[in-house]
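Notes follow once the structure below has been shown.
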Amino acid sequence: GAVVSQHPSRVICKSGTSVKIECRSLDFQATTMFWYRQFPKQSLMLMATSNEGSKATYEQGVEKDKFLINHASLTLSTLTVTSAHPEDSSFYICSAPTSGGTGEQFFGPGTRLTVL
Amino acid sequence: QQQVKQSPQSLIVQKGGISIINCAYENTAFDYFPWYQQFPGKGPALLIAIRPDVSEKKEGRFTISFNKSAKQFSLHIMDSQPGDSATYFCAASRDQGAQKLVFGQGTRLTINP
């Protein structure tokens, strides 16, 4: 299947700092990528849809000024958590659907964010 | 209408047994129904997916049964193995998966040796 990578896999930061997470589609182009957040023992919650060349679309209740998304190219989307606080500690996962009508979405390995 | 309801929340099955996880949806616009397997600390991995034009799809030990009129679909894992112990999520999407996925609540499956 297609490969989606994320970097970093784990990050620990101090409260008030900003953290950038990268999501890359390694062997296919993705005009759309999705960002999810997952708290322990819970399901994935969609945060936003990242669109190459245009603004991201955020789900209700997600602060767009806090979670900045940039889809700079057909293989890269970034999520920046600005002024992170302990309640932002979570597992952040991106996904990308392949093109060509198969409809399969492939997920990255996730990024564990811990805010102290 | 966007919800996908998944049950049970947790499931314990003996090695060699059949694991069955069920999901129900409301939005008839959904046309793509994947199942994902997730191990602790890892991203979800696509297991198997089905579209509403078929009632069943089998890949190895994994089978999806789909009931369009009841708006339900289920995952069957035959000959369950300890390595199958993981959390399983059903999901649904529009436009054959190109749109955002709506996830079920997840089922933590434990296969006892």
Scanning region B:32-43 residue by residue, the ones that are in a loop (DSSP other than H, G, I, E, B) and in contact with a Lys or Arg (Cβ under 8 Å, 6 or more places away or on another chain) total 1
Item checked: Any hit, region A:61-83, residues being in contact with a Phe, Trp or Tyr (Cβ under 7 Å, 6 or more places away or on another chain), at pLDDT below 95 and open to solvent by 60 Å² or more (accessible area, probe 1.4 Å) -> yes
Scanning region B:36-53 residue by residue, those touching a Phe, Trp or Tyr at 6+ places or on another chain (Cβ under 7 Å) and away from chain A (no Cβ under 12 Å) turn out to be B:Pro52
Subset of region B:32-54, residues among the aliphatic types (A, V, I, L, M), over 21 Å from A:Val3 (Cβ atoms) and open to solvent by 30 Å² or more (accessible area, probe 1.4 Å), comes to B:Val54
message = When you scan region A:52-73, do you find a residue that is at the interface with chain B (Cβ under 10 Å from one of its Cβ atoms) and within 23 Å of B:Tyr32 (Cα to Cα), even just one?
response = yes
Looking across region B:79-100 at residues that are open to solvent by less than 40 Å² (accessible area, probe 1.4 Å) and of a type in the set (A, V, I, L, M, F, W, C), the single one that is nearest to the other protein chains (Cβ to nearest Cβ) is B:Phe89
Looking across region B:1-31 at residues that are open to solvent by 20 Å² or more (accessible area, probe 1.4 Å), in a strand (DSSP E or B) and among the aliphatic types (A, V, I, L, M), the single one that is farthest from B:Asp84 (Cα to Cα) is B:Ala24
Quiz item: Can you spot a residue in region B:55-78 that is farther than 24 Å from A:Ser99 by Cα, open to solvent by less than 10 Å² (accessible area, probe 1.4 Å) and polar (S, T, N, Q)?
Solution: no
Given (1) part of a loop (DSSP other than H, G, I, E, B); (2) open to solvent by less than 50 Å² (accessible area, probe 1.4 Å), A:Ala96 misses just (1)
With criteria (1) modelled with pLDDT under 95; (2) open to solvent by less than 60 Å² (accessible area, probe 1.4 Å); (3) at the interface with chain B (Cβ under 10 Å from one of its Cβ atoms); (4) within 27 Å of A:Lys41 (Cβ to Cβ), A:Gly103 comes up short on (4)
Expected single match for under 30 Å from B:Ser7 (Cα atoms) and in contact (Cβ under 8 Å) with a residue 40 or more places away in the chain among A:Gln38, A:Gln60, A:Gln42, A:Gln29 is A:Gln38
| field | Residue match in region A:30-37 (condition: within 14 Å of chain B (Cβ to nearest Cβ), of a type in the set (A, V, I, L, M) and in a strand (DSSP E or B)) | value | yes
Matching residues in region A:47-56 (open to solvent by 20 Å² or more (accessible area, probe 1.4 Å) and modelled with pLDDT of 95 or more) number 0
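The values are calculated or read from the model by the stated rules, or taken from the named source; none is laboratory data. Keep in mind that this is a model prediction, so the values were computed, not measured. So basically every Cβ, Gly included, is an ideal-geometry build from the backbone, and we count neighbours across all protein chains shown. Side chains are part of the model used for accessible areas, which takes the heavy atoms of the whole protein and leaves out ligands, DNA and RNA. Shrake-Rupley method; radii C 1.70, N 1.55, O 1.52, S 1.80 Å.
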